[in-house]
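Computed from the coordinates by the stated procedures, all read-outs in this text should not be read as laboratory data. Since we're looking at a predicted model, the values are computed, not measured. Note that each Cβ is placed from the backbone with ideal geometry, even for glycine, and that neighbours are counted across all protein chains shown.
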Amino acid sequence: MKRLRLGVLLVVLSWLPIAQLVISVASHNGTLTSDESADRVRLVIWGVQILVGLVGVWLAGRPAVEIVRSAGWKRAPANLWRLFRGREAPPPRP
């Protein structure tokens, strides 16, 4: 279940405002001097974050699909949460 945890972590990382933090720190240090260079930095970081988020969805998607197939949609959220916390695998659907 390391895939599920890593996938969720990557999705969460892809939503953090890293671009704004980097631009803020760089502008205080004098590294970024124009809005154009800040926009370029922002677009590069956002592009990397989108890729990280997609990799996270890909990693977490496979265990989620297996859980839904075995236990059904109705029990999927509870089973995924149990699996994420490190408990036993969910029981199959009757």
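Here are the numbers for this structure:
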{"quantity": "Local net charge near R42, Cβ-Cβ under 14 Å (Lys/Arg +1, Asp/Glu -1)", "calculated": "-2"}
{"quantity": "The chain - mean residue ellipticity at 222 nm from DSSP helices (-39,500 (n - 2.57) per run, n ≥ 4, rounded to 500)", "calculated": "-25500 deg cm²/dmol"}
{"quantity": "Degrees separating the helix 35-71 axis from the principal Cα axis of the chain, which is the longest one", "calculated": "0"}
